[in-house]
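Accompanying notes for the structure given below.
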Amino acid sequence: MASPSAFALLCFLSLLLNVTHCKTLKRDVKALNEIKASLGWRVVYSWIGEDPCGDGDLPPWSGVTCSTQGGYRVVTELEVYAVSIVGPFPVAVTNLLELTRLDLHNNKLTGPISPQIGRLKNLRILNLRWNKLQDVIPPEIGELKKLTHLYLSFNNFKGEIPKELANLPELRYLYLHENRFTGRVPPELGTLQNLRHLDVGNNHLVGTIRELIHIEGSFPALRNLYLNNNFLTGGIPAQLANLTNLEILYLSYNKMSGPIPSGLAHIPRLTYLYLDHNLFSGRISDAFYKHPFLKEMYVEGNAFRPGVKPIGVHQVLELSDTEFLV
């Protein structure tokens, strides 16, 4: 009788040769067939056969990636996007316990994200942007300890941004813009040692930057901070200059006021600084105009003294998924 390791090797080789000598875990087969039944004809026309990992001469289902584990095939990635799926978030997906990537973006999914999402302990990338998802973000997302990329933008989420997101030690990219979030941005997010990109723009958020960065050593790796199009008040605290990795600071269309601290001009790689359409006043230090990397500084719609001028030509910065899905 072949040893378990020899059987696993045979299973792996069979996948390479498109031969099904090993079985797909029944739990995953059942879950994908439940999803197949719930998603409708727009997807299932390419999902042929009963086994999502391929069966005999049939290839794996489109968007389904499998690998071997313990002598069985398991589903590790599910990517079904831009195919106009209509209906609620498929709860059965939370039974795919070995998933590392779940990408259902640019569809028409509705309703809440199931709290059972917390079962996907191996998930690294969760992309649900450009849907019609609603309700609050379940705090159980904070149980996905391996998550590096979280895309929830362009939905109808409401309520407060859960502080449980600060429980994701590997999180690098957090996209929450274009929703209906209220309350304050949790300052606990500042404890995320690997967070590079935080976008909470175009919501209904309140509070101040001082509250956001009041935890000592906040946001040590942050490069891009998007707080635009909210209801933030107060000034820019001098302590913001402690975010020495910042490259983009986007504060447009808030209700912020006061002077611009000259210390911001000493953030070494600051490249884009958007201050427009607030209530800022005073002058802007000459150091900004001498900054070696600052390409754009937009100042329109404030109460600055005469002579304050922009730098560069204003552009709307919308970065694509492909720049971060690594």
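The values are calculated or read from the model by the stated rules, or taken from the named source; none is laboratory data. Model, not experiment: these values are computed from the prediction. Neighbour counts are summed over all protein chains in view; Cβ atoms, including those assigned to glycine, are modelled from backbone coordinates with ideal geometry.
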Given the conditions (1) assigned to a helix (DSSP H, G or I); (2) surrounded by fewer than 15 Cβ atoms within 10 Å (Cβ to Cβ), which single one is not true for Ala241? (2)
All positions within segment 277-287 that are surrounded by fewer than 18 Cβ atoms within 10 Å (Cβ to Cβ) and either in contact with a Leu (Cβ under 8 Å, 6 or more places away or on another chain) or not in a strand (DSSP E or B) (or both): Arg283, Ser285, Asp286, Ala287
So for segment 228-236 (the condition being aromatic (Phe, Trp, Tyr), outside any helix (DSSP H, G or I), crowded, with 23+ Cβ neighbours inside 10 Å and touching a strand residue (DSSP E or B) at 6+ places or on another chain (Cβ under 9 Å)), does at least one residue qualify? no
Can you spot a residue in segment 43-52 that is among the charged types (D, E, K, R) and buried (at least 16 other Cβ atoms within 10 Å of the Cβ)? yes
In the list Phe219, Phe293, which residue meets the criterion of being touching a Lys or Arg at 6+ places or on another chain (Cβ under 7 Å) and among the aromatic types (Phe, Trp, Tyr)? Phe293
Tell me the strands (runs of 3 or more DSSP E) entirely within segment 79-158 that contain at least 2 residues that are under 23 Å from Pro60 (Cβ atoms). 101-103, 125-127
Hey, among the residues in segment 73-85 that are touching a helix residue (DSSP H, G or I) at 6+ places or on another chain (Cβ under 9 Å) and at pLDDT below 90, which one's surrounded by the fewest Cβ atoms within 10 Å (Cβ to Cβ)? Ser84
Yes/no for Pro292 being within 29 Å of the chain's Cα centre (by Cα), surrounded by fewer than 18 Cβ atoms within 10 Å (Cβ to Cβ), in a loop (DSSP other than H, G, I, E, B) and at pLDDT 95 or above: no
Pick from Gly201, Gly207: which is at pLDDT 95 or above, buried (at least 21 other Cβ atoms within 10 Å of the Cβ), under 23 Å from the mean Cα position of the chain (by Cα) and part of a loop (DSSP other than H, G, I, E, B)? Gly201
Number of the condition not met by Leu225 [criteria: (1) surrounded by 23 or more Cβ atoms within 10 Å (Cβ to Cβ); (2) assigned to a loop (DSSP other than H, G, I, E, B)]: (2)
Going through Ser62, Ser67 one at a time, which residue ends up being out of contact with any helix residue (DSSP H, G or I) (no Cβ under 6 Å at 6 or more places or on another chain) and outside any strand (DSSP E or B)? Ser62
Return the residues of segment 42-58 that are farther than 24 Å from Arg124 by Cβ and modelled with pLDDT of 90 or more; say none if nothing qualifies. Asp51
Kindly indicate the residue of segment 17-41 that is surrounded by fewer than 16 Cβ atoms within 10 Å (Cβ to Cβ) and in contact with a strand residue (DSSP E or B) (Cβ under 8 Å, 6 or more places away or on another chain) and also modelled with the lowest pLDDT among those meeting that condition. Gly40
Suppose we keep only residues that are surrounded by 12 or more Cβ atoms within 10 Å (Cβ to Cβ) and not in a strand (DSSP E or B) within segment 301-317. Which one would you say is modelled with the lowest pLDDT? Leu317
